[in-house]
């Protein structure tokens, strides 16, 4: 279900038909845990801000339906959440 939600989110900013899941439910071993992961990819020319808006907060955090869940959270909480829950990294000027 989470992979389907992410495919939907990324699909809003990707070329039609370009979204795919090359790795589904791969198990990665780390020193203190085993993590099941999937990779969702797609081709886009969307501005970085649009990509971030489509993907965050992640559907695995909000649940579904994402848009109405986020509206309920906004109505109940006194301050916006902004970017949170595991977002780390950088985007270079050349989009790498």
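A short reminder: the numbers here are calculations on the coordinates, not readings from a lab. Quick caveat, the model's predicted, so the values are computed rather than measured. Glycine gets a Cβ as well: all are built from the backbone with ideal geometry, and neighbour counts include every protein chain shown.
Tabulated values for the structure
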| read-out | value |
| --- | --- |
| Gain upon complete extension [residue 16, residue 91; 0.36 nm per residue less C-alpha separation] | 24.6 nm |
| Point-to-point label distance, residue 70-residue 25, nm (Cα→Cβ direction, 7 Å offset) | 2.9 nm |
| Identified option (computed Cα extents along the principal axes in Å; candidates [x] 78, 25, 24; [y] 39, 36, 26; [z] 51, 27, 16) | [y] |
| Order by protection proxy (mean Cβ within 10 Å, highest first), peptides 61-72, 5-16, 30-41 | 5-16, 61-72, 30-41 |
